[in-house]
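Q: Structure in C-alpha cells, see below.
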Amino acid sequence: MTFEKEVFMTSKPVYQLSARQILLLAFAAALIAVGTTALVFSLGSIWKEGGISETTFAGSNGAPAAGISDPSQVSDEQNSIEVYKSVSPGVAFINTTSYSRDSWGDVEEGKGNGSGSVIDSSGNILTNYHVVEKAQKLSVSFGGDKVYPAKVVGGDPDTDLAVIKIEPPATGLTVVSLGDSDGLIVGQKVLAIGNPFGLDRTLTTGVISGLQRPIRARNNRPIDAAIQTDASINPGNSGGPLLDKFGRMIGINSQILSPSGASVGVGFAVPVNTAKRVIPQLIQFGEVKRPKLGASLPSVGDLSSRGYRLPVEHGLLVYQLVPGGSAQAAGLKSMSSDGAIGDIILSAEGTQLNDLDDLYRMLDKKRIGDTVNFEIYRDGRAVTVPVRLLSSPTTSIPVRRGTQE
C-alpha cells in the first residue's frame, strides 16, 4: 500500500494535423496516465427508484457506540478503554486465500489478511477492495476460535471499498456505527482497530493529522478528501475502522506513506461518507453503477508538453467517442479522419478542466440522468453544450487506460 500525490482560451483557427501527427497523437493519447475510467456517483437516482437507502444498514445512524461515557467526563485513557471494549467485537479479522500456477504448472497457495467492520446485523462487513481483490477463499473471525466462511458481496476498485458477508451467529453481531466525516477537525482524537501483521484486533490511537488529502486507488483513480492520521496503521490494518472518541467510524484505514512498508505515522483513511454512498449499491448490485461521458480525453496540457500545437492552453481534447455514449448523444465532435481537431472541453459547470481528475471531481456527485453544461472550444470560439449523463454504453473504444472517460 503506497501513497501517491496527485489558462485561458485564445481565439485561433482550428488546426489541421498531418497523418503522421494523427498517429503520434493517437500514440500519446494511449500513453497518457492521468487516471482510468472517469466515473460519477449516481446513488440518488437509484434510491428514488426504490433501491437500498443509506439507512438500510443499521450502523448508518451515527449514534455513539453503546457503553461509552461522555468523553469530557472521563480520562483519555478511560475513553480509549471504553471505545475498544465497545467496538472491537465488531471488527473482523479477514483471512484470504488465493491459488495460482507456477511456471511448472504446480498450484501455489497465497494467503493474506486484513480488517473489516460489521455494518449490519445481517452479516455484511465493510473492508478495502484490495484486501479481497484476488481472494478465492475468505474467512472471518472475531477474536475467538470460531471462524466464519465469507463471500464477496460487491467491490468498488475506484474507492477501494468492498462488502463481504457471513452468516450471522445466533448470538448476533456487534455493529460498528457509521459517523460523519464531513465535520472532522485536524487535531481531534482518533482510534484505529485492526489486525496489523496478523495481530488480532490491535488498538492504536492518535489524531487527525490532515484532511482533504488526495490519494489514489490501485487502479489510479483519485480518492479525494482522504483523512490523514498518525495513529499507527500497518499491513493488516487495511479495511479496519478509524474511529472518533464516541466509537463511531469516521474512516476506513486504507494506505500508508512509508519508505519501509511499515508505519511512520502517516496513514490515510477513506472518509466514511464516501462509504455511505457506495455501500448501498455494493449490497444491491455488487458494484457501483456510474455514468460515463464516453470519450477518450487526453489533456491539452499533456499534449502541449509533447510538442503538439493546440488552440487553447487548457482542457480535454475529445479525441474519440464511444458509440452510444453521453458525449456522442450530446453532439460532441471528435477528431476527424482528415486531421481537423474536434471539440476541446474547457470547463464543466463553470469549473475549469485541466485533466481527467478535474472532471472526476466535478462529476463525482452527479447522477445518471443529470445534465451537465460543458464549455466547449469549437471552430474558434467557446460554446456551451448541455450533456445528459447516461449509463455506460455496451461498447467501448480501443484505447489504453488513462485517457478514456
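The values are calculated or read from the model by the stated rules, or taken from the named source; none is laboratory data. Just so it is clear, the model here is predicted, and its values are computed rather than measured. With ideal geometry, Cβ positions are generated from the backbone for all residues, glycine too; neighbour counts draw on all protein chains shown. These accessible areas exclude ligands, DNA and RNA; they are computed on the full protein's heavy atoms, side chains included. Shrake-Rupley method; radii C 1.70, N 1.55, O 1.52, S 1.80 Å.
Q: Given (1) open to solvent by less than 10 Å² (accessible area, probe 1.4 Å); (2) more than 24 Å from residue 223 (Cβ to Cβ), where does residue 191 come up short, assuming only one miss?
A: Exception for residue 191: condition (2).
Q: Out of 368, 397, 345, which single residue is surrounded by fewer than 20 Cβ atoms within 10 Å (Cβ to Cβ) and either modelled with pLDDT of 90 or more or part of a loop (DSSP other than H, G, I, E, B) (or both)?
A: Exactly one residue qualifies, and that residue is 397.
Q: Can you find a residue in the range 382-390 that is part of a helix (DSSP H, G or I), within 25 Å of residue 220 (Cβ to Cβ) and modelled with pLDDT under 90?
A: Within the range 382-390, not a single residue is part of a helix (DSSP H, G or I), within 25 Å of residue 220 (Cβ to Cβ) and modelled with pLDDT under 90.
Q: Next question. Take residue 124 and tell me if it is open to solvent by less than 30 Å² (accessible area, probe 1.4 Å), polar (S, T, N, Q), in contact with a helix residue (DSSP H, G or I) (Cβ under 8 Å, 6 or more places away or on another chain) and under 17 Å from residue 287 (Cβ atoms).
A: Judged against the criteria, residue 124 is a match.
Q: Evaluate the range 380-387: report whether one residue or more is in contact with a Phe, Trp or Tyr (Cβ under 8 Å, 6 or more places away or on another chain), open to solvent by 10 Å² or more (accessible area, probe 1.4 Å) and of a type in the set (Ser, Thr, Tyr).
A: Taking every residue of the range 380-387 in turn, at least one turns out to be in contact with a Phe, Trp or Tyr (Cβ under 8 Å, 6 or more places away or on another chain), open to solvent by 10 Å² or more (accessible area, probe 1.4 Å) and of a type in the set (Ser, Thr, Tyr).
Q: Looking only at the range 301-309, decide whether some residue is open to solvent by less than 10 Å² (accessible area, probe 1.4 Å), in a loop (DSSP other than H, G, I, E, B), among the aliphatic types (A, V, I, L, M) and closer than 30 Å to residue 377 by Cβ.
A: no
Q: Another one. In the range 60-79, what residues are open to solvent by less than 60 Å² (accessible area, probe 1.4 Å), modelled with pLDDT of 95 or more and either acidic (Asp, Glu) or outside any helix (DSSP H, G or I) (or both)?
A: Listed by number, the list holds a single entry, 74.
Q: Output the strands (runs of 3 or more DSSP E) that fall wholly within the range 211-256 and possess 2 or more residues being open to solvent by 10 Å² or more (accessible area, probe 1.4 Å) and touching a strand residue (DSSP E or B) at 6+ places or on another chain (Cβ under 7 Å), or say none.
A: Because the criterion is at least 2 residues that are open to solvent by 10 Å² or more (accessible area, probe 1.4 Å) and touching a strand residue (DSSP E or B) at 6+ places or on another chain (Cβ under 7 Å), the strands (runs of 3 or more DSSP E) in the range 211-256 that meet it are 222-229.
Q: Checking residue 223 against (1) in contact with a helix residue (DSSP H, G or I) (Cβ under 6 Å, 6 or more places away or on another chain); (2) at pLDDT below 95; (3) aliphatic (A, V, I, L, M): exactly one of these is not met. Which one?
A: (1)
Q: Further, regarding this structure: Quick one: residue 328 ticks every box in (1) modelled with pLDDT of 90 or more; (2) assigned to a helix (DSSP H, G or I); (3) closer than 23 Å to residue 158 by Cα bar one, so which box is it?
A: Answer for residue 328: the failing condition is (3).
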